[in-house]
Amino acid sequence: MMVLRPLAGLGLVTALLLGGCGLEPVYSGGTHGIAGTALSSIEIAPIPNRAGYLMSAALHDRFNADGTARYRLEVELDDQILGFGVRGDNSIARERRTLRARYRLVGITSGTVILDATATSDIGIDRVSSDFAVVAAENTALERLTTDLADQITIRIARFAKTGGVGEK
């Protein structure tokens with residue numbers, strides 16, 4: 001019992017110190033907060049290919065667009081698969097799939113680029129003797145990569161909005 005008392009005191013002191021430091025959650029206010037409002041006012045420009053379809057769907061899930069778009073998100077994807085690790089028979093043992101997104105947030109009325117950034121994610125894939133298994137693994141990797149990049153983009157835009165970066169100029 002004696003050990004718990006100092007830990008409880010430490011927790012109380014930590015809570016009091018953090019409360020006064022000015023930190024505030026990015027998504028405070030939920031969908032009606034600064035970040036939620038900014039995300040819901042973004043339309044996503046069409047993104048070509050299968051990776052683009054997956055990325056667009058993942059972004060739509062996160063943005064909750066309400067139909068009154070003030071901004072347009074333009075995304076360019078670069079999808080690469082690089083083989084490495086060679087077996088004794090000179091076949092590839094492992095692959096790395098890298099998905100890179102260059103994205104721009106553009107004000108619809110002004111055409112001004114408000115945010116221009118990149119996000120990158122990669123994943124390793126084992127090459128096995130079954131071609132079907134390799135294709136399935138590559139497709140699963142692409143789905144995971146688009147989800148990861150959609151999270152990175154959403155967080156970056158939400159933080160940007162929270163710090164006052166989003167607004168027509």
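The values are calculated or read from the model by the stated rules, or taken from the named source; none is laboratory data. Please read all numbers here as calculations on a predicted model, not as lab measurements. Ideal geometry is used to build each Cβ from the backbone, glycine not excepted, and the neighbour counts take in all protein chains shown.
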Which members of the range 116-135 meet the condition of being farther than 30 Å from Glu74 by Cα and in contact with a Lys or Arg (Cβ under 7 Å, 6 or more places away or on another chain)?
Asp126, Arg127, Val134
Got a number for residues in the range 98-141 being within 28 Å of Glu43 (Cα to Cα) and touching a helix residue (DSSP H, G or I) at 6+ places or on another chain (Cβ under 7 Å)?
8
Looking only at the range 60-91, count how many residues are more than 17 Å from Glu143 (Cα to Cα) and surrounded by 14 or more Cβ atoms within 10 Å (Cβ to Cβ).
8
Could you please give the count of residues in the range 92-108 that are over 18 Å from the mean Cα position of the chain (by Cα), of a type outside the set (Val, Ile, Thr) and either under 21 Å from Glu138 (Cα atoms) or surrounded by 17 or more Cβ atoms within 10 Å (Cβ to Cβ) (or both)?
4
Go through the range 74-93 and give me each residue that's in contact (Cβ under 8 Å) with a residue 24 or more places away in the chain and β-branched (Val, Ile, Thr).
Val75, Ile81, Ile92
Within the range 142-169, work out how many residues are surrounded by 17 or more Cβ atoms within 10 Å (Cβ to Cβ), of a type in the set (Gly, Ala, Ser) and at pLDDT below 95.
2
Take Tyr71 and tell me if it is modelled with pLDDT of 60 or more, among the hydroxyl-bearing types (Ser, Thr, Tyr) and under 30 Å from Arg97 (Cα atoms).
no
Of these, Arg144, Arg159, which one is touching a residue at least 40 places away in the same chain (Cβ under 8 Å), assigned to a helix (DSSP H, G or I) and not aliphatic (A, V, I, L, M)?
Arg159
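Sort out which residues of the range 58-73 are free of Cβ contacts under 8 Å to residues at least 40 places away in the same chain and either within 19 Å of Leu145 (Cβ to Cβ) or in a helix (DSSP H, G or I) (or both), and write them in order of number.
Matches in the range 58-73: His60 only.
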